[in-house]
Amino acid sequence: MYEDAQMNNEADMVAAQTFDTENTAKEARYNKRTVLLSSVALGAAAFLCDLVPGTLGTMLLTLTSSGLAWGMVALTTGFRQNTWRAAVLGSTATLLIATVVYYAMVLGVSQRWRGGNLQDGSSADFISLLSVGRAAAFWAIASLCAGPLLGTIGWKMRVGSERQSSILIAASFGLFSAESFDALVLRASLREHLQYFGQQFMQPAFLTIALSALATSYLLWRRKIRFATVTFIASAFFSVALGILLWRFVSFARVLISV
């Protein structure tokens, strides 16, 4: 009887391990499909919004073809993963595939690199094609650099303590919104804000801040962290202030370089 019970326990353990392995494999396949679909959608949306003119086009580009949009997609991709390795690979793949899709559509669909002429009247297609290639290579390298970082931050938000997650989520809000705070709030007077109050809701800077707040709310909700925590509020204020100082430094450096 003892041997029978031991054999039954071993059989149950094997069955449980098999079940866990199957669930892990299904989850991995689901994550791969999600990463592939979201990255293709991101690259295609960025390309299509490039074709929309005027104010609407500017708003759509903020939603689909900005550092905020791509950064938040990579960050939330890392946040959804259960392991650090999956977070790094998922975030990097998302940015890289989206970049490939975007520039593939530029080359094959819009073909914006065609039709130009040099001063001597000869075709500028080859030079334009090289320019597209350089841009694609630059953003591919940027994806390989930013993907692991954003994936790691997103994963740390998920598995870290409540205090650590609050600090990281607040830091991400400052990272993505500081430039817009600088442009929208600190570079305009109160009179200008009141005069153009209605138009400000259509400005890319306002949209960036609103989308950063929305993404932050989603991350806080997923981690079941309240907004009104001292850690989050203090970290968000500090990250925005530090981000504004960094953007001011960058602007000052650009002026020096141009001189």
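The values are calculated or read from the model by the stated rules, or taken from the named source; none is laboratory data. Keep in mind it's a predicted model, so treat the numbers as computed, not measured. We place every Cβ from the backbone using ideal geometry, glycine too, and count neighbours over all the protein chains shown. Surface areas here come from the heavy atoms of the whole protein model, side chains and all, with no ligands, DNA or RNA. Shrake-Rupley method; radii C 1.70, N 1.55, O 1.52, S 1.80 Å.
Okay, here's what the table says:
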quantity	calculated
Enumeration of residues in region 166-193 that are open to solvent by 20 Å² or more (accessible area, probe 1.4 Å) and either at pLDDT 75 or above or touching a Cys at 6+ places or on another chain (Cβ under 7 Å) (or both)	Ile167, Leu168, Ala171, Phe173, Leu175, Phe176, Glu179, Phe181
Condition check for Ala41: buried (at least 17 other Cβ atoms within 10 Å of the Cβ) and modelled with pLDDT of 90 or more	no
In region 80-91, the residues that are open to solvent by 20 Å² or more (accessible area, probe 1.4 Å) and in contact with a helix residue (DSSP H, G or I) (Cβ under 7 Å, 6 or more places away or on another chain)	Trp84, Ala86, Val88
Residue in region 213-236 that is more than 20 Å from Gly160 (Cβ to Cβ), modelled with pLDDT of 75 or more and either of a type outside the set (A, V, I, L, M, F, W, C) or open to solvent by less than 80 Å² (accessible area, probe 1.4 Å) (or both) present	yes
Per-region count, region 56-79, residues over 13 Å from Phe176 (Cβ atoms), modelled with pLDDT of 90 or more and open to solvent by 10 Å² or more (accessible area, probe 1.4 Å)	0
Residue in region 113-128 that is at pLDDT below 90, open to solvent by less than 70 Å² (accessible area, probe 1.4 Å), out of contact with any Pro (no Cβ under 7 Å at 6 or more places or on another chain) and under 19 Å from Ser65 (Cβ atoms) present	yes
Scan of region 153-165 for residues that are open to solvent by less than 40 Å² (accessible area, probe 1.4 Å) and in contact with a helix residue (DSSP H, G or I) (Cβ under 6 Å, 6 or more places away or on another chain), ordered by number	Gly154, Met157, Ser165
